[in-house]
1. Can you tell me how many residues within the stretch B:219-245 are touching an Asp or Glu at 6+ places or on another chain (Cβ under 8 Å) and either within 14 Å of chain A (Cβ to nearest Cβ) or not aliphatic (A, V, I, L, M) (or both)?
2. If we keep just the residues of the stretch B:49-68 that are of a type in the set (S, T, N, Q) and more than 7 Å from chain A (Cβ to nearest Cβ), which is nearest to A:Leu201 (Cα to Cα)?
3. Check B:Glu175, B:Glu226 and return the single one that is closer than 29 Å to B:Ser32 by Cα, acidic (Asp, Glu) and touching a residue at least 24 places away in the same chain (Cβ under 8 Å).
4. Is there any pair with a first residue in the stretch A:190-213 that is more than 16 Å from B:Thr125 (Cα to Cα) and at the interface with chain B (Cβ under 9 Å from one of its Cβ atoms) and a second that is among the polar types (S, T, N, Q) and crowded, with 18+ Cβ neighbours inside 10 Å whose Cβ atoms are under 9 Å apart and which are 6 or more apart or on different chains, and what are they?
5. State which residue is surrounded by the fewest Cβ atoms within 10 Å (Cβ to Cβ) when the search covers only the stretch A:18-50 and only residues that are in contact with a helix residue (DSSP H, G or I) (Cβ under 6 Å, 6 or more places away or on another chain), within 14 Å of chain B (Cβ to nearest Cβ) and assigned to a helix (DSSP H, G or I).
6. Within the stretch B:3-14, can one find any residue that is assigned to a loop (DSSP other than H, G, I, E, B) and at pLDDT below 90?
7. Being over 21 Å from A:Thr46 (Cα atoms), at pLDDT 95 or above and touching a helix residue (DSSP H, G or I) at 6+ places or on another chain (Cβ under 7 Å): is that true of A:Phe154 here?
8. Yes or no: A:Leu121 in contact with a helix residue (DSSP H, G or I) (Cβ under 6 Å, 6 or more places away or on another chain) and of a type outside the set (Phe, Trp, Tyr)?
Amino acid sequence: MTPADSLARDPASGQPARSDAAPRGGMLVRRHRLSTRLWHWLNLVTLTIMLMSGLMIFNAHPRLYWGAYGANRDHAWLQLPRFPGWATLPSSYSLADARIWHLAFAWVLALALLGYLLRSLRNGHIRRDLHITAAEWRPAHLWRDVVDHARLRFPAGAAALRYNVLQKLAYCGVLFGLLPLVILTGLTMSPGLNAALPWLLDLFGGRQSARSLHFLAAAGLVLFALVHVTMVVLAGPVNELRSMITGWYRLPRERSHD
Amino acid sequence: MTEPVSRRALLGTVAAGAGGLLLAGCDRVNRSPAARALLQSAEQAHLASQRLLGGQALAPEFTRADLSPDFRANGNHQANGNPDWVRHRESGFADWRLRLDGLVLRPLELSLEALRALPQRRQITRHDCVEGWSAIGEWAGPQLGTILRAATLLPAARYLVFHCADSFGPVPYYESIDLIDAFHPQTILALAMNGQPLPVRHGAPARLRVERQLGYKQAKYVMRIEARATLAGLYGGKGGYWEDRKDYAWYAGI
């Protein structure tokens, strides 16, 4: 949310601050819209189920290929040992059951993403909060943000109202990159959809390429989740969790000296 | 940092505990019949959406340059448990007859020669095993629709059941498709693969190719085709060996 439309509360009284009060450290502000909060927690459940059932499906044939075809005698670019039971759904081997979960929650994942993208287009979330400006794309700005992250110096006060550019890159990468990729490559593995939408095969270079990209996109989402949770812990887990549950976020106080 | 470390540790413990509960919970939900039924209702959404999007669209076809160097055989690699099939194999399937019965006006018994005399469709397609691997092969044989029209389905017929000679246990393999897939132009009874008579490990003398679905639908060692009004009463009632045995989806377009 931007300073312009964020609702701030005075840190002392807890009452909503006057709209012309400048946001400053310690102030409670409305950070996340309801649609963002709902989608976030739905995704936590959905992506966990998709990952764990996906690992069980992978276990049925833990080899990855490029191109249209690929089986045991063909060259696999990656072969992994089977994932352990604590990482899979169900925990003991059942390809059939994993597919039941995976293919049902695939609808939840895809429809929720579609709904969230449409909602975010309409309410300005993409334009105001996620759009990366020309100034932010400048190498000097990107580099400063990298250095700030490396020093664990996070924005405070009014600056914390907005996502920093690395955050925007991560969120945009997931929203417009990894999630559409994981969904489309998943659809590309369907022989029924190969008949209906053959361009998907051309887009990803064949069914086995799509299967490899599906796995890599899932790995990318796991990496995102690890970094995401790490950043939440470093930035103050209680404040961050509250903001994603209730929407209210306490702006970190400005550093007095450095 | 303003958050005390102990709170972080607490959060970590809570997260680990939640993870354990999640695992146990998912396994429990997985066993609940009501939850399974809800999850499995997605199969109808797959069927409806794919039929809506695809209609009678053809599965992609490839060229000889795309053929898998070594086409892995799915399912059983022989049907030695069936004495009739063994006898037919020993005589080169000369006396083998494909039986088409059930809800048809004229039950048929077709020899390999008779099946080969029908117009043959040749198609190079990709076979996708439910496990995840794929292989490209060239298949040739009569369209199933040609055979069905010769027998004339009765109005009540809704499904074609393929009774096979191979088995994983006491029950012979079986699979079923509906009439939309049965009359799809690429649905053939393959008698040849890569220009040769169908090899034993790929289902000799005849196997189903239903190209918009996964490998377990491609019934091998087909002995009999039965037209039925419903899948109820066929073994476990779910329409196929793996469907009954392990709860794989009957519609395997995904």
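The values are calculated or read from the model by the stated rules, or taken from the named source; none is laboratory data. These numbers were taken from a predicted model, which means no experiment stands behind them. Positions of Cβ are generated from backbone atoms using ideal geometry, with glycine treated the same way; all protein chains shown enter the neighbour counts.
1. Selection size over the stretch B:219-245: 11.
2. Of all residues in the stretch B:49-68, those of a type in the set (S, T, N, Q) come to B:49-50, B:56, B:63, B:68.
Still in the running and more than 7 Å from chain A (Cβ to nearest Cβ): B:49, B:56, B:63.
Values: B:Ser49: 18, B:Gln56: 18, B:Thr63: 15 Å.
Only one residue tops the list, namely B:Thr63.
3. Values: B:Glu226 fails: closer than 29 Å to B:Ser32 by Cα.
Just a single option satisfies the conditions, and that option is B:Glu175.
4. As it stands, the answer is A:Arg211/A:Thr185; A:Arg211/A:Thr188; A:Arg211/B:Ser134, since those pairs meet every condition given.
5. Ranking the candidates gives A:Thr46 first.
6. Here is the first cut: in the stretch B:3-14, the ones assigned to a loop (DSSP other than H, G, I, E, B) are B:3-4.
When the remaining residues are screened for being at pLDDT below 90, the result is B:3-4.
Within the stretch B:3-14, one or more residues are assigned to a loop (DSSP other than H, G, I, E, B) and at pLDDT below 90.
7. Details: over 21 Å from A:Thr46 (Cα atoms): yes; at pLDDT 95 or above: no; touching a helix residue (DSSP H, G or I) at 6+ places or on another chain (Cβ under 7 Å): yes.
For A:Phe154, the condition - over 21 Å from A:Thr46 (Cα atoms), at pLDDT 95 or above and touching a helix residue (DSSP H, G or I) at 6+ places or on another chain (Cβ under 7 Å) - is not met.
8. Details: in contact with a helix residue (DSSP H, G or I) (Cβ under 6 Å, 6 or more places away or on another chain): no; of a type outside the set (Phe, Trp, Tyr): yes.
For A:Leu121, the condition - in contact with a helix residue (DSSP H, G or I) (Cβ under 6 Å, 6 or more places away or on another chain) and of a type outside the set (Phe, Trp, Tyr) - is not met.
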